[in-house]
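Structure, as structure tokens:
The values are calculated or read from the model by the stated rules, or taken from the named source; none is laboratory data. This structure is a prediction, so every number in the text was calculated from the model and none was measured. Note: ideal-geometry Cβ built from the backbone for every residue, glycine included; neighbour counts use all protein chains shown.
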Amino acid sequence: MHKKTGAALLSAIIPGLGQFFNRQWLKGLVFLLVGSAGIYFIAHDLMGYLRGLITLGEFPSRMVKVGKLTRMVEGDHSIFMMINGLMSLLALLFYTAFHLLNIRDAFLVGAARDRNEPIHSFGESLRHMGRRNFAYLVLAIPFVAVVFLTILPLVFSVLLAFTNYADPILPPAHLVDWVGFGNFKKMLSLDVWSSTFGGVLTWTLIWAIIATATTYIGGVLIAVLIHQPRVRWKKLWRTLLIVPFAIPNMISLLVMRNMFNNQFGPINSYVRALGLEGVAWLTNPFWAKVTVILANMWIGIPVTMILAFGVLTTIPRDMYEAAEVDGAGAFYKFRMVTLPMVLFATAPILIMQFAGNINSFNVIYLMTNGEPVNPNYQYAGHTDLLVTWLYKLALNQSQYSFASVIGIVIFLLVATFSIWSYRRTRSYKEEDMIA
Amino acid sequence: MKPKLTEAFKTIGSHLLLIVLSFISLFPAFWIIMSSFKTGNSLFSDSLIPKNFTFIHYKELFEQTKYLIWFMNTLKVAALSTLLGTFLLLLTSYAISRYRFKGRKTTLTALLVLQMFPGFMAMIAVYVLLNTLGLLNSHWALVLVYSSGAIITNVFVAKGFFDTIPKSLEDAARMDGASHMKVFLSIMIPLSKPMLTYASLMIFNGCFVDFIFADLVLRTEETRTLAVGLFRMVNQSNSTEFTLFAAGAVLVALPVTLLFIFLQRFLVDGLTAGASKG
């Protein structure tokens, strides 16, 4: 039998054995230790956790008669069972990867021995790994962080959409169950839910379109305005107009909410000073929507302005000169030279901003908190976006499963737009430029 | 004669427009600064510039609220997250941009997909997770979540930046026998200073601004960050402490804003680097 098959087989049975067979003692020991810990875990805990993930608990908390006394017995906690189940699935995945790696290593070293090549010492193996697999080493720490702090929670949230984890079914008093697509069906067919869903979704899309268009057009126009050769103190104007971007938006939005206060805010007092009646900025459904768009313009225009500046400085002067020779006026130059150049360079960003605006939580939450309240809506107000509705559902109403459904809808929405645009960006395509 | 006149007219017009726009852009900041110097505690005032200036609210801020503690908490969380987050971001974007390894495309796609989930959808889950791990009410939880989140939000900009650094630089160094580590530390990091500044500023600012997650995790007044403290000040008591909030807001926003304006150049570079991907 070849040494490579022997080593691989041994390692497949017990991690590390193949390495021992290959006379790589230290390496074998490392593999053996990690492997036995893994096998112990699989044999001892895994099945219980996986079972928990499937059943989500069998016994709710209940009163049990012990002799003459009735005692509260703690039942299964479905949510913890779910998390533990997920974590052990993940651990199993990691272990499988490790096991395969171990077999592969034994096989490769065995093959080298078949060819009568010298075997690496432990130190050499480590150095070799540092050279060959530098990228993996570098990525290991971020990988673990992202898996545990982003992916695991996301998977958990997505799973919640398929359970009935919503007030009043809250553990530990109740057991949560899998309900399949039940929540999605309710969202679409049950009247209280579907009318809110439709309304909020429509407003979210309208909001994203208007918010993107206004900040984009505003930003480009301001950049062009400053970029005119006749304008002096360019740096000063740019700095002054960048200020809204520089102020932490959490602060500026809270400030703006007070500025737009119907009774005491300065905006209405100026309007009244002009002899007009004040506008119900935040309490009238229509004006509340106008207000959040205005606030968003104030925050968002500087970003586009900065981007447009970057593009404008790269437009070669001779293009304008050529246009002038042809007798083009200022407006014509803008339309034929500036605008196409700016549009071309910033189009991918435009789509990203649109996708981002679908999720602009802060603007809505801090300015209006979704209000004014809409009596026809289920836990939502006139200005609520899908994101803020999700937030309210989860944190104020404990409707976790419905919140997760909304989260998935938002994801689908954003993904549709983003994938389409990202696939066209240089950063994503294989980079021929550095090859 | 006539073209000159219209030219002058246009010049004046443009400048007038810029003055109006600058006024709009600065007004909220100006108003909140003025409010912080106002006597009394209400939102209402007859004039923009208060008749008598007072520093009482700034004093109150330090004497009656836990503002100083909040400030230190925020600084601690933001500094640690920025350090850790920038480090993780650097590792990720560098490896993805520079190395061709198995699973690279998958990694890219995964990062892309992760970016599209609403950020705090995972929040509830993280909350339950932290609860099971007993990490609730701890600043470390915030630091960990912020820094791993920083990878997701900034990786494409950072990667785009690394892509623009010519490969020949590294090859030359490798020819001279430099190791991967050496190339990374002495060539790539110094060259990526603008991007690092941009990214760390973004992460730092994110920590200053976030109040949703912080509010969820931090349970006691002593552990709160500024954003949470200020948000509660103006949110729960229905603006009765408005001038106090104004003073607090000025003290937070001023340093951050100045930092941003001071580092403007890097910001412009960073944003355009991210934009020119197209």
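Here are a few things to note about the model shown:
- Of the residues making up the stretch A:253-265, those that are at the interface with chain B (Cβ under 7 Å from one of its Cβ atoms) and either more than 14 Å from residue A:291 (Cα to Cα) or of a type in the set (Val, Ile, Thr) (or both) are A:255, A:264.
- Of note, residue A:272 satisfies the criterion of being farther than 20 Å from residue B:20 by Cα, without any contact (Cβ under 8 Å) to a residue 24 or more places away in the chain and not hydrophobic (A, V, I, L, M, F, W, C).
- Qualifying residue in the stretch B:127-138 (condition: assigned to a helix (DSSP H, G or I) and at pLDDT 80 or above): no
- Looking across the stretch A:101-125, the residues that are surrounded by fewer than 16 Cβ atoms within 10 Å (Cβ to Cβ) and farther than 16 Å from residue A:32 by Cβ come down to A:104, A:108, A:114, A:115, A:116, A:117, A:118, A:119, A:121, A:123, A:124.
- Any hit, the stretch B:96-108, residues being in a loop (DSSP other than H, G, I, E, B), of a type outside the set (D, E, K, R), at the interface with chain A (Cβ under 7 Å from one of its Cβ atoms) and over 26 Å from residue A:81 (Cβ atoms): yes
- Filter result for residue A:107 (within 26 Å of residue B:95 (Cβ to Cβ) and either in a helix (DSSP H, G or I) or among the β-branched types (Val, Ile, Thr) (or both)): no
- Of B:10, B:4, all but one fail to be modelled with pLDDT under 85 and among the basic types (Lys, Arg); the exception is B:4.
- Residues (charged (D, E, K, R) and touching a Gly at 6+ places or on another chain (Cβ under 9 Å)) located in the stretch A:245-293: A:257, A:272
- First in the stretch A:146-160 and more than 7 Å from chain B (Cβ to nearest Cβ), second anywhere and assigned to a helix (DSSP H, G or I), Cβ under 6 Å, 6 or more apart: A:160/A:400; A:160/A:401; A:160/A:404
- Enumeration of residues in the stretch A:232-246 that are at negative phi and surrounded by fewer than 16 Cβ atoms within 10 Å (Cβ to Cβ): A:232, A:234, A:235, A:236, A:239
- Residue tally, condition without any contact (Cβ under 8 Å) to a residue 60 or more places away in the chain and within 13 Å of another protein chain (Cβ to nearest Cβ), over the stretch A:172-225: 2
- Extreme residue, nearest to the other protein chains (Cβ to nearest Cβ), among residues of the stretch B:12-39 that are closer than 18 Å to residue A:238 by Cβ and of a type in the set (Val, Ile, Thr): B:24
- Scanning the stretch A:144-185 for residues being buried (at least 20 other Cβ atoms within 10 Å of the Cβ), out of contact with any Leu (no Cβ under 8 Å at 6 or more places or on another chain) and assigned to a helix (DSSP H, G or I) gives a total of 3.
- Scanning the stretch B:86-95 for residues that are hydrophobic (A, V, I, L, M, F, W, C) and either within 20 Å of the chain's Cα centre (by Cα) or assigned to a loop (DSSP other than H, G, I, E, B) (or both) returns B:87, B:88, B:89, B:90.
- Every condition in (1) under 24 Å from residue B:126 (Cα atoms); (2) away from every other protein chain (no Cβ under 14 Å) is met by residue A:143 except one, and the failing one is (2).
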